[in-house]
Amino acid sequence: MTWDEIWPLLRQGTVETLQMTVWATVITAVLGALLGLALVVTDRRGLAPLAPVHHLLGLVVNIGRSIPFIILLVALLPVTRAIVGTTIGTTAAIVPLAVSAIPFYARLVETSLREVDPGVVDAARAMGASRPQIAWKVLLREARPGLIAGLVVTFVALIGYSAMAGAIGGGGLGDIANRYGYQRFETNVTYAVVVAIVVLVQIVQLLGDRLVRRLSHR
């Protein structure tokens with residue numbers, strides 16, 4: 001294939017990859033943050049210690065993180081079809097991407113929240129703040145740099161996962177690399193997709209690092 005034919009494919013694949021990863025990241029940011037917060041709050045030293053709930057949530061997170069994405073992708077086909085009505089395309093790929101990323105990000109959220117200075121929490125308690133206020137306005141607020149850094153790591157991981165999703169009809173750059181690079185033996189397409197993914201990851205990481213530094217200086 002000539003470069004005049006490859007460029008439109010790369011543009012289309014990049015747009016589809018961003019659609020998948022951005023939506024999956026948004027869902028992950030919300031649900032993963034809630035799950036990570038619940039892990040910290042229900043811990044024995046948390047704001048509302050509940051050992052059975054904490055152990056159950058931890059088990060769910062550990063199981064979710066231990067399943068390889070390609071296996072999860074296939075296992076969730078019935079769930080994906082039930083939610084979006086299809087198992088192929090960029091919209092369908094969002095479901096397994098989000099499901100795989102939520103437990104991963106939840107652990108990163110848990111780690112960031114545990115690094116919040118206990119003195120800040122004690123000060124909020126001394127001023128009469130309720131447990132929900134401490135959770136939302138103290139823990140999450142103080143951990144913002146770590147939460148954003150973890151979300152950037154998750155976003156980058158999702159870009160890699162989206163390439164695997166593309167291999168079984170998920171669209172995006174992975175689909176282009178599979179259909180044109182692998183099946184048609186067009187190695188220049190494969191190399192072009194690799195370069196596009198590398199550039200995309202570098203841009204995301206650069207923007208994420210800048211945002212983390214800005215939040216850290218406040």
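Rule-based calculations on the coordinates, nothing more; no lab input. Model, not experiment: these values are computed from the prediction. Cβ atoms come from the backbone with ideal geometry, glycine included; neighbour counts cover every protein chain shown.
Over the stretch 138-197, the hull volume per residue, using the convex hull of the C-alpha atoms, is 71 Å³. Using the Cβ of W3 as centre and a radius below 13 Å, the other residues enclosed give a net charge of -2, where K and R count +1 and D and E count -1. Between S130 and N62, the simple spin-label model (points 7 angstrom out along Cα→Cβ) gives 3.4 nm. Along the positive direction of the dipole of the stretch 43-121 (beta-carbon charges: Lys, Arg +1; Asp, Glu -1; about the Cα centre), which of L108, T91, L47 reaches farthest? Final value for the positive-end residue is T91. Here the relative contact order of the stretch 16-148, from alpha carbon pairs under 8 Å that lie six or more residues apart, stands at 33 percent.
Rg/Rh for the stretch 21-170 (Cα atoms only, Rh after Kirkwood) is 1.05. Selection among L211, G166, P145 by position relative to the dipole of the chain gives P145 as farthest towards the positive end (Cβ unit charges, Cα centre). By the combined test of axial Cα extent (at least 15 Å) and Kyte-Doolittle hydropathy (mean at least -0.5), the qualifying DSSP H helices of the chain come to 3-41, 51-66, 90-114, 144-166, 187-216.
Per-residue extension of 0.36 nm, minus the Cα-Cα distance of A51 and Q183, leaves a gain of 42.4 nm for this segment. Each Lys and Arg Cβ is given +1 and each Asp and Glu Cβ -1; about its Cα centre, the stretch 21-170 then shows a dipole of about 160 debye. Working note: 222 nm ellipticity from helices only, DSSP H runs with n ≥ 4, each -39,500 (n - 2.57), summed and divided by the residues of the chain, gives -25000 deg cm²/dmol to the nearest 500.
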